[in-house]
Each structure stands twice: as C-alpha cells, then as structure tokens.
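Computed from the coordinates by the stated procedures, all read-outs in this text should not be read as laboratory data. If you're wondering where the values come from, they're calculated on a predicted model, not measured in any experiment. Positions of Cβ are generated from backbone atoms using ideal geometry, with glycine treated the same way; all protein chains shown enter the neighbour counts.
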C-alpha cells in the first residue's frame, strides 16, 4: 500500500469516527465506501471491521451509562449465529455489487414509520435485529439504516440510541473481522494495510468519537433523527452513482 493511500485511510478514520459519534451510523457508511476505493473488498471489510470495532467499542464505553445491556445480549447471541452462517457460505461481493448494496441500504430509512412495528427493547426483536443486521453487515459492509429501524419506535433518548447501537455493533464488526480476516491470514496475500497505519488510525478514531460525542450533546432528539436520515440518504445516492459507473466500465 502506498503512503498516500494509508494517510487517506487514517484521516478518513478520524472524520468518520466523528460522524459516527454524532449520528451512530453515517460514519461507517462513509468509511466503507472510502476503503473500497483503495483496498480489495475482503481487505476493506476487515479494515472497516477493525476501525469500527474500536470506534463503536470506545463510544459504548464513553456512554456506558446509557447502554441497554439487555438489548445488547440478545443481539450478540444472534450476531454469532449470523457470522457462522455467512462464513459457511463464503460469499465476497464484487466492488460494483458492494457499492450497489451500500447505495440501497439507506432506502430503508424512508419506509413509512406507521408500517414499522419494530422495537429492539423487546427481546425477540433484539434477537432478530442481530441476525438481520449482522447478516447485511457481512454482505453489504454496512447495515446502520437497518439497525435504525429497530430503534425508531423505541422510547430511548438519543444518547441511549447511540450508546446501545454502538455496543451491538461491536459484535457485528467482530464477526466481520473473523469471517473475512481468517482467509487473509491464511493466504500469502498482502492486501491488508500495514500495521503502522492501524497504530495511527486507531487513536485518531477514538479522538473522533470523543469529538462526535460533544457535538451530540449539543443536539436535540428531533434534529438528531432528521439530520441522520438526510445525510445517510445523500451518501447512498453517491454510492448508487459509483455502482452505475463501475458496472458501465465492466469492473468485476
């Protein structure tokens, strides 16, 4: 990997960690798209998993008093099952398909809320969210909008939503690292970024999480949900354009 590409990932890690610290999911979507520009798909999945594991884990620690651990427990159990299932399938999407899936995922935010009766506060639905969100995370690279559907009808505050979602995503990204990282470790491929890049990106991502948390404190619950929807939608549209360009060029 070239030094400019590594520096790009380091800066991207900080910026997207800040976004995630504010909105809970926009950062991961931007990070995955940026990584796919400079890395093969499998390496992008693992790198995304490592950085987002740190970001979400640190955010969960910073807001630990707001985490609903009962939701996290059911989610973690289902996440493990989903990880095993995807590992057995051994499916790695091409870059055009990856961008297409990432572009379509934000559309979930526009489903009429009156049609959505999901609530992660109920144990069965917390379990289902773990299966579906982790499964989508392992195929599309991101699944924030799907996870959000399980929180739009909860009575949780913005802090509880961000904190609980962060804790659940620790398990989703851990599954991503294990499923896609194991084959890379057992091959002679040098697709992964160098260790020094992670040594710089990880603390900067943690710093971005702190910055995002301070911005979150200044928002109200209404603005939080409104801005999340529009920002993630704009990112999705850009990914659909990227997918169309890649398909038109015949990129596999």
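For the chain, modelled as a Gaussian network with Cα springs under 10 Å, which listed residue fluctuates most, 59, 218, 158? The residue that fluctuates most here is 218. From least to most packed, judged by other beta carbons within 10 angstrom and beginning with the fewest, 205, 2, 129 follow the order 2, 129, 205. Across segment 3-248, the relative contact order, built from alpha-carbon pairs under 8 Å that are at least six residues apart, equals 39 percent. Helix 195-217 and the long axis of the chain differ in direction by around 20°, with both axes built from C-alpha atoms. Panel order for 19, 88, by other beta carbons found within 10 Å of each beta carbon, from fewest to most: 88, 19. Springs join every pair of Cα atoms under 10 Å in this Gaussian network model of the chain, and among 106, 193, 124 the largest mean-square fluctuation is at 124. Kindly express, to the nearest 10 degrees and within the range 0 to 90, the angle between helix 41-62's C-alpha long axis and the longest C-alpha principal axis of the chain. Helix 41-62 sits roughly 30 degrees off the main axis of the chain.
Any idea what angle helix 158-185 forms with the longest principal axis of the chain, computed on alpha-carbon atoms, 0 to 90 degrees, nearest 10? Helix 158-185 and the main axis of the chain meet at about 30 degrees. Going from the residue with the fewest nearby Cβ atoms within 10 Å to the one with the most, 131, 156, 111 rank 111, 131, 156.
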